[in-house]
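Asker: My questions will all concern the structure given below.
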Amino acid sequence: MSSKKLTTIWKAEPHTIAKIDLLSAYLKAWFSILGTKPPRRNAELLYVDGFAGPGEYTNHPTGSPIVALEAATSALNTHGARWKAGDIYCAFVELDPARTENLERKLSTVESHARVHASTYAATFVDGLIAIKAARPRSFSQAYPLFVFIDPFGATGAPFTAVAEILSSPSSEVLINLDADGIARIFRAGDDANRDILLTKVFGDTSWQESLSFNADFVVQCRQALELYKRRLRTLPGIRYVFAFEMRGIKDSINYFLVFASGHPLGLEKMKEAMKSIDQSGAYTFCDANVRQSLLFRFDDPEEFARQLFERHKGKRVPHDELHDYALNDTPFANPKRMLKWIEENDLIESVELLPGKTRRRGTFSEDAVRAIIFRQGVIHAQG
Ligand SMILES: C[S@@+](CC[C@H](N)C(=O)[O-])C[C@H]1O[C@@H](n2cnc3c(N)ncnc32)[C@H](O)[C@@H]1O
């Protein structure tokens, strides 16, 4: 979407509202968990919205900054004396002066907790980040929880170097709105779009030159851009959990992905729970963006993902931890249990290695009891 056509406040599409609902659900969990069990007592929590917008839409009362303040306040009010972290700092970066002004007006109407501190930065994401880092340096270097929402218009504006810097902090996470469509358009436009400079900035190196195929279909190029972006995130030290999903309108297909990256499994587990909690019966839906043919997220039906898990691991002994990470990174599920149950029901497990002194019932795969699974070398006969 181009910002040029939009005025200070604009009408939100259904997927925009879904994105805000998802952020709200996730931040409620993030503030609550890190507020009551911070990595270090009194560590402050920092939330950064790098492309904050005006704080409202013509058809929707709350933009991302407002739901963040509400989630922070609600977490502090709910937990009261159980709160162990320091104060919550929310930093909102917005380049457009009229939108920043609108946002400040909107923020002043929110009744936030005294321990929630909001500041706005009328700047680019990159300059805003420099200023925020100068103000709260520990959030960028120590185990002080940091969550950054990166939601630009279009493909540029959030250089990979900035994302890498955020993720170099030990307790940081990002949620990025990746405009794969915009990336593929720049790629196809070549020199006219200043391609080499822009794409090298988006990906942080020139790997896009080998990873995007010039003769492929547009949709395939979008997928290639997404896959490369995920690979680039996984090259960052400590970033073991990277997950992307597509937000798709019912009527039209948009190549619009939200990409989550973290060094900790709990973050991704909570992001998946947040997705599950969002009503998808409206005009949009979340799709898995890990496979070539997007599958609708069916939290109620593990079969398709169980088949993929089996294909990947057949004939091998796989530790439970590895299966857990696979489930988090490559399926909509927060753990492998239901997929393993399906695999066992279809007689594709050779044996289950238990931890000393533990037993298990058939069909159950608790991490407290199971050390590893040995998969058969077989072929799946079950009908889907
Ligand atoms: C997609 S909108 C943000 C929507 C908002 N996050 C929400 O969910 O309500 C992108 C915003 O980024 C602003 N923007 C554009 N370029 C920017 C830049 N380089 N740095 C910071 N903000 C920018 C635009 O003015 C616009 O308000």
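Asker: Ignoring everything except DSSP H segments at least 4 long, calculate the 222 nm mean residue ellipticity for the chain; use -39,500 (n - 2.57) per segment, divide by total residues, nearest 500.
Answerer: -12500 deg cm²/dmol
Asker: Using DSSP to call loops (not H, G, I, E or B), can you name the GluC sites (Glu not before Pro) in the stretch 82-149 whose Cβ has at most 16 other Cβ atoms within 10 angstrom?
Answerer: 111
Asker: For the chain, what does the equivalent ellipsoid look like in terms of its semi-axes, each the square root of 5 times an eigenvalue of the Cα gyration tensor, given largest first in whole Å?
Answerer: Equivalent ellipsoid semi-axes, largest first: 35, 27, 19 Å.
Asker: Starting from the alpha-carbon convex hull of the stretch 69-167, give the projected area averaged over all orientations, in nm².
Answerer: It is 7.0 nm².
Asker: Here's a follow-up. How big is Rg to Rh over the stretch 1-127, alpha-carbon atoms, Rh as the Kirkwood inverse-mean-distance radius?
Answerer: 0.99
Asker: In whole Å, what are the extents of the stretch 54-100 along the principal axes defined by its C-alpha atoms, from largest to smallest?
Answerer: Each principal axis gives a Cα extent; for the stretch 54-100 these are 39, 22, 9 Å.
Asker: Considering the chain as a Gaussian network with a 10 Å cut-off on Cα pairs, which listed residue, 21, 321, 181, attains the greatest mean-square fluctuation?
Answerer: 321
Asker: On to the next question. Just rank 90, 222, fewest to most, by other beta-carbon atoms within 10 angstrom.
Answerer: Least to most surrounded, the residues fall as 90, 222.
Asker: What is the pair-distance distribution P(r) of the stretch 303-375, computed from all Cα-Cα distances in 5 Å bins starting at 0, with each bin given as a whole percent?
Answerer: Bins of 5 Å from zero give 3, 18, 33, 29, 14, 3, 1 percent of pairs.
Asker: Treating each Cα of the stretch 85-226 as an identical point scatterer and ignoring solvent, apply the Debye formula and state log10 I(q)/I(0) at q = 0.11, 0.13, 0.15 Å⁻¹.
Answerer: Taken in order of the listed q values, log10 I(q)/I(0) reads -0.51, -0.68, -0.85.
The numbers here are math on the coordinates, done by the rules we state, and not lab data. Owing to the predicted nature of the structure, the values given are computational and were not obtained by experimental measurement. FYI the Cβ positions are ideal-geometry reconstructions off the backbone, even for glycines, and counts take in every protein chain you see.
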